[in-house]
1. I'd like to check something: does segment 54-62 contain any residue that is in contact (Cβ under 8 Å) with a residue 24 or more places away in the chain, surrounded by fewer than 18 Cβ atoms within 10 Å (Cβ to Cβ) and touching a Ser or Thr at 6+ places or on another chain (Cβ under 9 Å)?
2. Would you pick out the residues in segment 333-361 that are under 30 Å from Asp268 (Cβ atoms) and surrounded by fewer than 21 Cβ atoms within 10 Å (Cβ to Cβ)?
3. Hey, among Val241, Val195, Val265, which residue is farther than 20 Å from Thr382 by Cβ, touching a residue at least 60 places away in the same chain (Cβ under 8 Å), surrounded by 20 or more Cβ atoms within 10 Å (Cβ to Cβ) and not acidic (Asp, Glu)?
4. Restricting to segment 122-169, count the residues that are in a helix (DSSP H, G or I), without any contact (Cβ under 8 Å) to a residue 24 or more places away in the chain and surrounded by 18 or more Cβ atoms within 10 Å (Cβ to Cβ).
5. For the condition acidic (Asp, Glu), in a loop (DSSP other than H, G, I, E, B) and within 20 Å of the chain's Cα centre (by Cα), what is the one hit in Asp281, Asp302, Asp266, Asp245?
6. Of the numbered conditions (1) of a type outside the set (S, T, N, Q); (2) farther than 22 Å from Gly235 by Cβ; (3) within 13 Å of the chain's Cα centre (by Cα), Pro350 fails exactly one; give the number of that condition.
7. Please specify each residue of segment 311-330 satisfying the condition of being surrounded by 21 or more Cβ atoms within 10 Å (Cβ to Cβ) and in a loop (DSSP other than H, G, I, E, B).
8. Can you go through Leu79, Leu29 and tell me which one is within 25 Å of Trp189 (Cβ to Cβ) and either in contact with a strand residue (DSSP E or B) (Cβ under 6 Å, 6 or more places away or on another chain) or in a helix (DSSP H, G or I) (or both)?
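Just so it is clear, none of the values below were taken in a lab; they were calculated from the coordinates. What you are looking at is a predicted structure, and each value in this text was computed from that prediction instead of being measured. Glycine gets a Cβ as well: all are built from the backbone with ideal geometry, and neighbour counts include every protein chain shown.
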Amino acid sequence: MREPISTARRPPRRARLLVAVVVSLCALLGAVRLLAPATGGAKGEPSGIGPQLAFLRAALDDGAGEEAQELFPEGYFFLHVLYGLSWVERGMRAPETERPGALREARWALARLDSTPGRAPFSEDLVPSYGVFHRGWSNWLRGGVLALQPAGRRDPAEVRRFTADSAELGAAFDASASPYLAAYPGQAWPVDSVVAMASLRLHDTLLPATTGPRYGKTAERWLQGVRGRLDPRTGLLPHRVDPVDGTPAEVARGSSQSLVQRFLVDVDPDFAAEQYARFRDRYVVSPLGLGPTVREYPRGLDGPADVDSGPLPLGVSLSATVVTIGAAQVHGDAPLAGALANYSELAGLPVRTPWTKRYAFGLVPVGDAFLAWSKTARPWVTPPPSPPPANVSPYWRVPLLSLLLLLGAVPWLPALLRHIRRHRRRNLPAGV
C-alpha cells in the first residue's frame, strides 16, 4: 500500500511548478517580442513610442539628464536632444491638429540645449561657438521644430534663429581647410559635421530661396573634401580625424558610422547609398549565428571599448546596434531595421505599465532615448530612397526561437522524465 504523500513535500513541488510556469511564460514573451512588428517605417508609428516618451519625460524631470552627464561628456545634451527629435518625428506622423503637443515638447527640449547645463561641456571659443557637435545637433532640432509648424505660420523668432545659426555653420564650413569642424578644442569627429551639414540641407528645404539652395555650394565643397579623406581601410568616413586638415586618425567605427548613415542620406542620397552598402557589408554580423548585430570595428579588426561604444561582447556594440535601426530605416532597409528592432525588444528587457515603457528596467534612460529616436527614423530632406538588396536571412529568428523553446521546455523535463519512468514501471510484466 502506498504511503500518503507528505504535505511537507507539496510546497517544493508547487514552487517547482511556479518556476516552470514563469520560465515558460518568459520564453513565450521573448518569442512574441521577436515576431511582433517593432518599427513603424516611414509613416506608421511604432508600438510603444508614446509610453517610451512618457517615461523619458518623467525621467528628465527627475534629473536623468544630470545623471547621464556623469556617464559621458554629452549625456545631458544627448538625452534632451533625442527626446526632442523623437517628438518631432512623432509630430510629423500626426495630423496638423494633433501637433501642438509634439511642438511643445520639442521646444522644451530645445530650450535645455541652450541652457547652462546644455552648453557646459563645450567651448564658446570654437568656430562655430560651442563647437560643431552642439551647434549641429541643436540646428537639426531647431529645424525640426520649424517643420512641425505650417509654412505660413512659423514663429518669426524661431525662423530668425534658425537662419542665423545656419549662416554661422555655413560660414565655418566655408572658411575651414577641413570638411570636419572641431567639437572640442583640438578634437574633431566626422559624424558631428555630417549632422551639421544635414541641418544646412534642412534649412534649404524649409526656407527655399528664389536663387536656389543657399548652402548648395557649401555642401558640394564639403562632399568633395569628404571623398578625399575617407578611411583607407573601409572606404568610410573615419571615426576621428586630425583637427587641422581632416586626415583620418582612426578607423571607421560602428558607434559613429550608425549615426553617419542616419544623417548622410539627407546630405547626398547617392553618396549615402554607397557608404551604407560598405557599412552594412563590413559591420553588420550575426555572432554565434544569433543576430543581426553591429560590430564596433570592421570585420577582421578588434579594438578597445570606450565611452562611445560601451562594452563589446564578441566585438558587438550595443549602442551601434540600436542606432543602426534608424540608419536602416532612412535607407529603406526594412528587413534589417525590423530585425535589429526585434532583437532589441528581446535583449532590451522592456517593462510596460499602462502609462510608460522602459528598457533595461529604466536604468539607462539615454538608451531608451536612442531606441525611441531610432524606431521613428525617416529622411527629413530627401524622399525615401529605393530599398537596397536585403542582406538579412528571413530565417534569422530560428536560432533564437530554438533557444527560447529550449529555455521554456527545460523546467518541465524532470516532470516529463518522472512521468515516463512511472509509465514504464506500470507496464512492466508482473514479477519483473
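1. yes
2. If the condition is that a residue be under 30 Å from Asp268 (Cβ atoms) and surrounded by fewer than 21 Cβ atoms within 10 Å (Cβ to Cβ), then Ala334, Pro335, Gly338 are the ones that fit.
3. Going through Val241, Val195, Val265 in turn, just one is farther than 20 Å from Thr382 by Cβ, touching a residue at least 60 places away in the same chain (Cβ under 8 Å), surrounded by 20 or more Cβ atoms within 10 Å (Cβ to Cβ) and not acidic (Asp, Glu): Val241.
4. Of the residues in that region, 1 qualify.
5. None of the other options fit; the residue is Asp266.
6. Evaluating Pro350 over (1) of a type outside the set (S, T, N, Q); (2) farther than 22 Å from Gly235 by Cβ; (3) within 13 Å of the chain's Cα centre (by Cα) leaves (3) as the failure.
7. Ser317
8. Going through Leu79, Leu29 in turn, just one is within 25 Å of Trp189 (Cβ to Cβ) and either in contact with a strand residue (DSSP E or B) (Cβ under 6 Å, 6 or more places away or on another chain) or in a helix (DSSP H, G or I) (or both): Leu79.
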